[in-house]
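The block underneath contains the structure these notes are about, expressed in structure tokens.
We did not get these values from a lab; they are worked out from the coordinates using the rules stated. Remember, predicted model here, so these are calculated numbers, not experimental data. Cβ coordinates were reconstructed from backbone atoms using ideal geometry, including for glycine residues, and neighbour counts include every protein chain displayed.
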Amino acid sequence: MPEPYTMRTFLRKLKKVFSGGDDISPAPVPDETIISDQIYNNYSFIIGSLFNYFNELPENEKRRFITRVHYFKESKKFHYIGLEHNEDTAILVSASAVQVTFGLKNYLLSHFKDIYILADAYRMDDDEELYIGHVAPDGIYLSWKHFLYGYSNKSDNINVAVHEMSHALLYNNFFAQYGIDSHFRLNYERFSSSTGPILADVITKRRSYLRSYAFSNLHEFWAVSVEAFFENPAGLKDNMSELYDALCKVLNQDPLTPNKILKSEPC
Ligand SMILES: [Zn+2]
């Protein structure tokens, strides 16, 4: 996600083909796997300090959430640029991925082996623009300063980690060769079909509940919609109920319900 939110060379970078690779991806670790109380208590404390989403979960779902965060984190290599290696940071970034994929069976985003955490907004190559996060074939990139901002401000519908994890989820399912979630793929098509009427509405009214960056292209529409979905679910439901329902379906969760998850075994 560039800062400011203009596109230009960003699109060109996103169009790079995801090559896949030959190695075999790990299968997601089953949710019923037992993690130690020490891990559970440590992760609960760290995640609970920032994620309202996690704090709202019932006890059994908290355990499932943390199991996923632990194995997501273990499956990635974290790189720290301009800030010190910190296990808590890796846990929190992993938690943002698990939040987005919590309703899905395949949650590891297996295509992406590397996550790069930068201290602040950054430039890429010879690009003049400042970025606060982006997804490329070689990894997921996030500005730590903006990550924290995303989870501290609850009313602006901006959360760079949720935004980039949404891009990563889409690419993992449509461009990568493994870690595909069949539920997501099937239902994303339905989500796509809801964009036509929404675009027509925006053109007619010349405004939208979603910030204008959503209308840069379909990938950004997806990522900005998911941000709004988690940042202020009630606001999105009130203003764009069809979009809200389509997101519930494709992510198999409804953040306004206590359990979040809709079907325990999504088809
Ligand atoms: Zn984006």
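In nm, to one decimal, how far is the modelled label at residue 178 from the one at residue 41, with both set 7 Å along Cα→Cβ? Using points 7 Å along Cα→Cβ, the separation is 3.7 nm. Taken about its Cα centre, the stretch 214-266 carries a charge dipole of roughly 160 debye when the Cβ of each Lys and Arg holds +1 and the Cβ of each Asp and Glu holds -1. Positive-end ranking of 118, 187, 174 along the dipole of the stretch 116-226, with charges on Cβ about the Cα centre, is headed by 187.
Under the combined filter of DSSP loop state and at most 16 neighbouring Cβ atoms within 10 Å, the stretch 110-210 retains these trypsin sites (Lys or Arg not before Pro): 113, 123, 154, 206, 207. Using a 10 Å Cβ count of at most 10 others and DSSP loop calls, identify the longest part of the chain lacking such GluC sites (Glu not before Pro). With GluC sites (Glu not before Pro) excluded where exposed in loops, the chain gives 129-267 as its longest stretch.
Rounded to the nearest 5, the antiparallel percentage of DSSP beta bridges internal to the chain is 45%. Normalised by the number of residues in the chain, the mean separation of alpha-carbon contacts (under 8 Å, six or more apart) gives a relative contact order of 22 percent. With 28 Å as the limit on Cα-Cα distance, the pairs of 77/263; 73/105; 105/205; 62/113 that go past it are 77/263; 105/205. Along the axis of the charge dipole computed for the stretch 2-180 (Cβ charges of +1 for Lys and Arg, -1 for Asp and Glu, origin at the Cα centre), the listed residues 148, 41, 104 are led at the positive end by 104. Within the stretch 231-267, list the trypsin sites (Lys or Arg not before Pro) lying in a DSSP loop whose Cβ has at most 14 other Cβ atoms in a 10 Å radius. Filter output for the stretch 231-267: 263.
Rounded to the nearest 20, the size of the Cβ-charge dipole of the stretch 2-180 about its Cα centre is 380 debye, with Lys and Arg at +1 and Asp and Glu at -1. So, R0 is 30 Å and r is the distance between the beta-carbons of residue 113 and residue 206; what FRET efficiency does that work out to, to 0.05? For residue 113 and residue 206, the calculated efficiency is 0.10. A straight line joining the Cα centroids of the stretch 66-85 and the stretch 100-126 runs 10 Å. Normalised by the number of residues in the stretch 97-187, the average gap of Cα pairs under 8 Å and 6 or more apart makes the relative contact order 32 percent. A Gaussian network model of the chain, with springs between Cα atoms under 10 Å, assigns the largest mean-square fluctuation among 172, 60, 232 to 60. Can you give the log10 of the normalised intensity I(q)/I(0) at q = 0.09, 0.11 Å⁻¹, computed with Debye over equal Cα scatterers of the stretch 2-180? After summing over all Cα pairs, the log10 values are -0.31, -0.46.
When peptides 133-142, 91-100, 38-47 are sorted by average Cβ neighbour count within 10 Å, with the highest value leading, the order is 91-100, 133-142, 38-47.
Using Cβ point charges alone (K and R +1, D and E -1), the dipole size of the stretch 159-267 about the Cα centre works out to roughly 200 debye. Rounded to the nearest 0.05, what FRET efficiency do residue 149 and residue 218 have when you use their Cβ-Cβ distance and R0 = 35 Å? About 0.85, to the nearest 0.05.
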